[in-house]
Amino acid sequence: MDRGLRESIEVLGKKIRTIRSDKAIRLRELSSRTKLSIGALSQIERGIMTPSLSSMILIAHALQTPMGDFFDSPELTLKGNPNALCIRKGEETLLHSSKGVSVYLLYHDEVFSMEIVKNIFEISGTTGDTKYQHEGEEWGMVLKGRLRVELGKQAYILNEGDSICLKSNIPHRLINISSGKTIQIWFNSPPLWINKGRSIFLT
């Protein structure tokens with residue numbers, strides 16, 4: 001595993017443990033709230049296991065904290081031109097990698113309450129074994145590969161160039177069903193990854 005990714009996983013685990021401790025919530029109670037095993041939660045907090053997106057949402061919901069509190073907000077600055085933000089290929093900020101899915105931040109704006117990420121799915125990569133839900137709306141487009149979007153009781157197959165807009169409060173998850181990598185651009189409003197100060201998770 002890449003050293004930088006390993007360090008980010010360890011930092012993520014420490015932040016989850018700190019938030020849990022500050023709220024005086026025991027691992028057993030967090031396990032009961034999230035339906036994740038005590039062993040899995042312990043490994044996540046120690047940086048041994050990388051939580052999937054669906055697991056992180058369950059943990060954030062159980063702790064009643066914005067998922068953005070698990071991460072350091074990247075500094076995205078307008079370089080050279082005060083009217084434009086240019087991010088070259090390979091310069092994207094890696095936010096998280098788990099279950100064969102790597103999430104890269106392209107842009108976020110607290111004023112307009114939105115963020116844009118690039119998701120790279122390895123073969124059979126998925127956002128998690130279970131569906132998740134939260135406040136807001138999402139829009140995404142497949143740039144390469146083939147993606148299965150499970151939304152409630154329905155499923156949509158997206159090929160290259162296809163896009164989808166969905167209500168985030170409907171349980172959903174994403175799965176790569178191509179024989180190679182699937183790459184997509186995803187828009188979240190309000191931000192899911194970089195969302196400081198308020199929880200967007202449904203009670």
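In table form, for the structure just shown:
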quantity	calculated
Convex hull per residue volume in Å³, alpha carbons only, for the chain	129 Å³
For residue 152, net neighbour charge (Lys/Arg +1, Asp/Glu -1) across residues whose Cβ lies under 10 Å away	+2
Potential extension, residue 10-residue 85 segment - 0.36 nm per residue separation minus Cα distance	24.0 nm
Sorted largest first, extent of segment 3-70 alpha carbons per principal axis (Å)	32, 22, 20
Ellipticity estimate at 222 nm from DSSP helix runs (n ≥ 4, -39,500 (n - 2.57)) divided over the chain, nearest 500	-7000 deg cm²/dmol
Average projected area [Cα convex hull, segment 89-179], square nanometres	6.2 nm²
When each of 35/144; 14/153; 99/144 is checked by Cα-Cα distance, pairs over 30 Å	35/144; 14/153
Net +/- balance of residues flanking residue 54 in space, Cβ distance below 10 Å, scoring K and R +1, D and E -1	+2
Share of Cα-Cα pairs in segment 33-74 lying beyond 16 Å, as whole percent	34 percent
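Each reported figure results from applying straightforward, stated rules to the coordinates on display, with no laboratory input. Just so it is clear, the model here is predicted, and its values are computed rather than measured. All Cβ positions, glycine included, derive from the backbone under ideal geometry; neighbour counts span all protein chains shown.
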